[in-house]
Amino acid sequence: MEILGVGVPEMAFILLIALIVLGPKDMIEAGRTIGKTLRKIVTSPTWKAVRSTGRELQQLPTRLMREAGIDEELNAIEEQVREATDFRIDPRRADPRPDETGAVPSAEQGVGSDPSSEDPQA
């Protein structure tokens, strides 16, 4: 969990330093002051404008791609890559290592078959 880009360990360290510097009584007053200031900032129209501008900037690359027509081309390229990498391995041809005789089994023979046991006239 992060608040304004500050994680839990950093927040605990900041609170510890504040407790040491301010002391327990002044820390309560400082917390109230910080809370009121943050509430004013978050409810201000300037903060709302900053947030909406941030959202627009995050969506800008996607919007530009759609307007330029690159989105469809990118989807087509992604589909071609998926098709090229989504191949099925034929189990008969999955192990093209040579057998004991040194011969590589062909697709018709299969991996586990013995080439000398097959009938050549069949």
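The values are calculated or read from the model by the stated rules, or taken from the named source; none is laboratory data. All values derive from a computational prediction rather than experimental measurement. Cβ: placed from backbone, ideal geometry, glycine included. Neighbour counts: every protein chain shown.
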Scanning the range 1-26 for residues that are surrounded by 11 or more Cβ atoms within 10 Å (Cβ to Cβ), under 35 Å from the mean Cα position of the chain (by Cα) and in a helix (DSSP H, G or I) gives E10, M11, F13, I14, L15
Which of the residues spanning the range 27-79 are polar (S, T, N, Q) and over 27 Å from the mean Cα position of the chain (by Cα)? T33, T37, T43, S44, T46
Taking the condition of being modelled with pLDDT of 75 or more and among the acidic types (D, E), how many residues in the range 73-92 meet it? 4
Take E72 and tell me if it is of a type in the set (D, E, K, R), exposed (fewer than 10 other Cβ atoms within 10 Å of the Cβ) and in a helix (DSSP H, G or I). no
